[in-house]
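Peer 1: Starting off with a structure, shown below.
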Amino acid sequence: MVQTIPAKEITLRQLRHRFNLERTDDEQFFREWQDDLPELTDFEKQLLGQVKEEYLYLSESPLLEVILKMVIISPLLRLAGFFRHPFEITAEKEVKIPSEDEGIIVNGRIDILIFKPELWVTVIEAKGTKYALAAGIPQVLAYMLANPNPEQHILGFITNGNEFKFLKMTTTKPPKYAQSYTFALENKDDLYTVLRILKRINQLIQNL
């Protein structure tokens, strides 16, 4: 009998046992968040300062995911250039991911998916301010496993407003993933670095 599990309830252990997902510590596997990051203009830094100020004000009360998308994610994606050609964006994309042994199916809805025609670029998950990032990482990884182009790596991005983390996965068998450091909005320059990484991802995808 096939068991259906909501993506938000999946665990790393289940992903490892059911999908053979492996974490790699190879330093060369995920360089996109570290190498050749573009510099920001003073104007971009000024806009990020406004984003940070607005977030800190609004987060005095718990923020729901929908507000977080407007306050944090949307400005970052716009400044990184993902609202322009050749990228497209969809929200609440439903996915079903069957396990290798067909024993379970993971289903859920991707918060935000950035793609080019026939090519997934980045899976984005927003969590409310009361959630720790670690709780959402298995969910993002499950969505990344649904990448329809296993020969092409897929990137993930998760935030609860104050913290940010990037992930990379290759879905050729066995699927492997790695993750960046955790960046924090309250740290002086971390929000700058998050935008620089997003801009770098844009550059790399443009050159594919």
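Peer 1: With the checklist (1) surrounded by fewer than 19 Cβ atoms within 10 Å (Cβ to Cβ); (2) closer than 20 Å to residue 71 by Cβ; (3) acidic (Asp, Glu) in hand, flag the one item residue 151 doesn't pass.
Peer 2: (2)
Peer 1: Just wondering, is there one or more residues in segment 146-164 that are free of Cβ contacts under 8 Å to residues at least 40 places away in the same chain, within 17 Å of residue 75 (Cα to Cα) and among the aromatic types (Phe, Trp, Tyr)?
Peer 2: yes
Peer 1: Is segment 78-94 home to any residue that is under 17 Å from the mean Cα position of the chain (by Cα), assigned to a helix (DSSP H, G or I), at pLDDT 95 or above and surrounded by 14 or more Cβ atoms within 10 Å (Cβ to Cβ)? So that I can check it myself, show each step before the final result.
Peer 2: As a first pass, look at segment 78-94 and keep what is under 17 Å from the mean Cα position of the chain (by Cα): 78-83, 87-94.
Imposing the further condition that a residue be assigned to a helix (DSSP H, G or I) reduces the set to 78-80.
Next, from what is left, pick out any that are at pLDDT 95 or above: 78-80.
Filter once more, so that each one left must be surrounded by 14 or more Cβ atoms within 10 Å (Cβ to Cβ): 79-80.
Scanning segment 78-94 turns up at least one residue that is under 17 Å from the mean Cα position of the chain (by Cα), assigned to a helix (DSSP H, G or I), at pLDDT 95 or above and surrounded by 14 or more Cβ atoms within 10 Å (Cβ to Cβ).
Peer 1: While we're here: Please count how many residues of segment 170-181 are part of a loop (DSSP other than H, G, I, E, B) and of a type in the set (Ser, Thr, Tyr).
Peer 2: Step one: of segment 170-181, the residues part of a loop (DSSP other than H, G, I, E, B) are 171-175, 180-181.
Still in the list and also of a type in the set (Ser, Thr, Tyr): 171-172, 180-181.
Matching residues across segment 170-181 total 4.
Peer 1: Just need a number here: residues in segment 58-82 that are within 23 Å of residue 42 (Cα to Cα) and free of Cβ contacts under 8 Å to residues at least 40 places away in the same chain.
Peer 2: Within segment 58-82, the first condition is being within 23 Å of residue 42 (Cα to Cα), and the residues that meet it are 70-82.
So of that shortlist, the ones also free of Cβ contacts under 8 Å to residues at least 40 places away in the same chain come out as 70, 74-75, 78.
Total meeting the criteria: 4.
Peer 1: Anything in segment 1-36 that is acidic (Asp, Glu) and either more than 28 Å from residue 80 (Cβ to Cβ) or surrounded by 14 or more Cβ atoms within 10 Å (Cβ to Cβ) (or both)? List them, or say none.
Peer 2: Of the residues in segment 1-36, the ones acidic (Asp, Glu) are 9, 22, 25-27, 32, 35-36.
Scanning segment 1-36 gives 9, 22, 32.
Peer 1: Might you check whether a residue that is at positive phi and either open to solvent by 10 Å² or more (accessible area, probe 1.4 Å) or not in a helix (DSSP H, G or I) (or both) occurs anywhere in segment 182-199? Give the derivation first.
Peer 2: Going through segment 182-199, the residues at positive phi turn out to be none.
No - not one qualifying residue is present in segment 182-199.
Peer 1: Could you go through segment 54-74 and let me know if any residue there is of a type in the set (Phe, Trp, Tyr), more than 19 Å from residue 171 (Cβ to Cβ) and assigned to a loop (DSSP other than H, G, I, E, B).
Peer 2: No.
Peer 1: Right, something else. Looking at 165, 96, which one is touching a strand residue (DSSP E or B) at 6+ places or on another chain (Cβ under 8 Å) and either more than 19 Å from residue 9 (Cα to Cα) or among the acidic types (Asp, Glu) (or both)? Before you say what the answer is, go through the steps one by one.
Peer 2: Details: 96 fails: either more than 19 Å from residue 9 (Cα to Cα) or among the acidic types (Asp, Glu) (or both).
Matching residue, one of 165, 96: 165.
Peer 1: If you scan segment 101-126, which residues turn out to be open to solvent by 30 Å² or more (accessible area, probe 1.4 Å) and under 17 Å from residue 6 (Cα atoms)?
Peer 2: 102, 105, 107, 109 - these are the residues of segment 101-126 that are open to solvent by 30 Å² or more (accessible area, probe 1.4 Å) and under 17 Å from residue 6 (Cα atoms).
Peer 1: Please specify each residue of segment 37-61 satisfying the condition of being open to solvent by less than 30 Å² (accessible area, probe 1.4 Å) and of a type in the set (D, E, K, R).
Peer 2: 44
The values are calculated or read from the model by the stated rules, or taken from the named source; none is laboratory data. Just so you know, these numbers come straight off a predicted model, no measurement behind them. Note that each Cβ is placed from the backbone with ideal geometry, even for glycine, and that neighbours are counted across all protein chains shown. Just so you know, the surface numbers come from the protein's heavy atoms only, side chains and all, with ligands and any DNA or RNA stripped out. Shrake-Rupley method; radii C 1.70, N 1.55, O 1.52, S 1.80 Å.
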